[in-house]
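Here the structure comes first, spelled out in structure tokens, and everything after it is commentary.
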Amino acid sequence: KSMIEIRRDIRERMVEQEIIRRVQGVIAEDVSLTPRELKKYYSEIPKDSLPVIPARVQVSIIQLDPPNNEENKAEARQRLLDIRGEILEGKSFNMLAVLYSEDPGSAINGGEIGYKLRGELEKPYADAAWSLTKNTVSRIVESRYGFHIIQVIDRKNDMLNTRHILIRPKVKPEQEASAMAKLDSIARLIRKDSLKFETAAYMFSTHKDSWINGGKYVRTDPANRNTWFALDEFDTEMYVKLRDLKIGEISEPFRTTDEDNNTVFRIVKLDNEAPAHRANLKDDYQTLYNAALMEKRSKLYQDWINKKLAVTYIRISDEFKYCNFLNQGWLK
């Protein structure tokens with residue numbers, strides 16, 4: 001297939017998936033689960049069929065961004081301005097993206113990220129992209145990932161295909177040393193009981209999702225604000241620091257990357273741990289609730305399909321007439 005045909009097929013699948021998601025959302029928007037329903041769901045699962053919940057931990061963090069980061073940002077902006085100047089002078093955007101972009105997912109493709117709906121992109125990126133005409137190059141755009149220049153490749157109805165070059169601020173050795181020293185001082189005060197971890201997190205941490213909760217590390221999914229994590233869910237740096245800690249202990253300062261892949265510095269405290277075990281209502285209420293709710297919604301979707309089958313004309317192409325359908329009634 002040509003690239004145009006591949007892109008068309010991908011776009012059609014994305015549109016179909018979005019339609020399915022929205023229809024299912026309407027069908028199940030008022031679905032909830034009572035405690036009685038959850039207990040019934042749990043009691044009907046054979047004990048040896050209950051899922052095994054892996055060992056999990058609860059942690060708190062104190063995070064510092066690189067000090068004097070505005071200087072790093074200014075240098076990143078200037079680097080990108082120089083690259084933009086080369087493009088305006090006639091050099092290939094694709095080639096410069098391969099050479100210089102710090103987005104590993106798109107750099108290998110000349111900066112191309114594929115067709116996206118506006119809501120799928122960071123707002124600053126989307127605002128800039130949707131204001132461009134085809135093949136023009138944007139001004140510098142700042143997002144939580146760093147600095148971008150953007151070029152529109154193609155527009156299909158409400159979707160844009162763009163390419164970009166991302167440059168992230170670089171942390172200097174003296175900035176790293178300063179952040180690590182500050183975290184070391186904070187950790188020593190906490191270990192001496194001169195400062196509570198929660199208070200230190202509130203006073204010093206720059207981690208946007210945890211500082212207000214005294215550093216308690218929480219999942220970023222708004223639908224699942226859970227504080228329990230399997231160790232292998234953390235990045236390598238966090239994993240290495242956590243695996244040898246005992247409950248209540250605090251790690252040494254370390255360098256890592258945050259959820260947006262920007263360089264940050266952290267100390268981490270092990271708050272609690274739970275060994276691997278069979279799921280139960282006391283310890284895994286939310287996990288079982290989510291599974292039961294998914295099953296209830298699935299049954300609701302199936303009932304909706306069965307009702308529609310009875311009153312909807314459906315034409316099946318000859319090439320599919322001998323397929324085994326999940327639902328009876330597709331073939332009349």
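The values are calculated or read from the model by the stated rules, or taken from the named source; none is laboratory data. On a predicted model such as this, the values are computed, not experimentally measured, just so you know. Because the Cβ atoms are built from the backbone with ideal geometry, glycine has one as well, and the counts that use them run over all protein chains shown.
Tallying residues that are closer than 18 Å to S251 by Cα and free of Cβ contacts under 8 Å to residues at least 40 places away in the same chain within segment 159-180 yields 1. The residue list Y322, Y289 contains one member that is hydroxyl-bearing (S, T, Y), out of contact with any Asp or Glu (no Cβ under 8 Å at 6 or more places or on another chain) and in a helix (DSSP H, G or I), which is Y289. Looking across segment 250-284 at every residue that is out of contact with any Lys or Arg (no Cβ under 7 Å at 6 or more places or on another chain) and without any contact (Cβ under 8 Å) to a residue 60 or more places away in the chain, the one that is surrounded by the fewest Cβ atoms within 10 Å (Cβ to Cβ) is identified as K282. Annotation: of all residues in segment 74-108 being in contact (Cβ under 8 Å) with a residue 40 or more places away in the chain and either in the same structural domain as A177 (by TED's automatic domain parsing) or hydroxyl-bearing (S, T, Y) (or both), the one that is surrounded by the most Cβ atoms within 10 Å (Cβ to Cβ) is S101.
Annotation: of all residues in segment 34-49 being touching a helix residue (DSSP H, G or I) at 6+ places or on another chain (Cβ under 8 Å) and not hydroxyl-bearing (S, T, Y), the one that is surrounded by the fewest Cβ atoms within 10 Å (Cβ to Cβ) is E37. For segment 232-278, a residue qualifies if it is touching a Pro at 6+ places or on another chain (Cβ under 8 Å) and β-branched (V, I, T), and the qualifying residues are T263, V264, I267.
The set of residues in segment 16-44 that are of a type in the set (A, V, I, L, M) and not in a helix (DSSP H, G or I) comprises A28, V31, L33. All conditions but one from (1) under 23 Å from the mean Cα position of the chain (by Cα); (2) at pLDDT 95 or above apply to Y100; the one that does not is (1). Residues that are in contact with a His (Cβ under 8 Å, 6 or more places away or on another chain) and at pLDDT below 95 within segment 31-90 comprise V52, I53, listed in sequence order. Screening T236 against (1) among the β-branched types (V, I, T); (2) loosely packed, with under 12 Cβ neighbours inside 10 Å; (3) in contact with a Ser or Thr (Cβ under 6 Å, 6 or more places away or on another chain) leaves a single unmet condition, (3).
Figure legend. Inter-residue proximity from segment 45-68: first residues in contact (Cβ under 8 Å) with a residue 60 or more places away in the chain, second residues charged (D, E, K, R) and in a loop (DSSP other than H, G, I, E, B), beta-carbon distance below 6 Å, spacing 6+ or different chains. Indicated pairs: I53/D284. Quick check: is even one residue across segment 54-61 under 27 Å from the mean Cα position of the chain (by Cα), farther than 27 Å from A279 by Cβ and assigned to a helix (DSSP H, G or I)? Looking for residues that are under 27 Å from the mean Cα position of the chain (by Cα), farther than 27 Å from A279 by Cβ and assigned to a helix (DSSP H, G or I), one finds none in segment 54-61, hence no.
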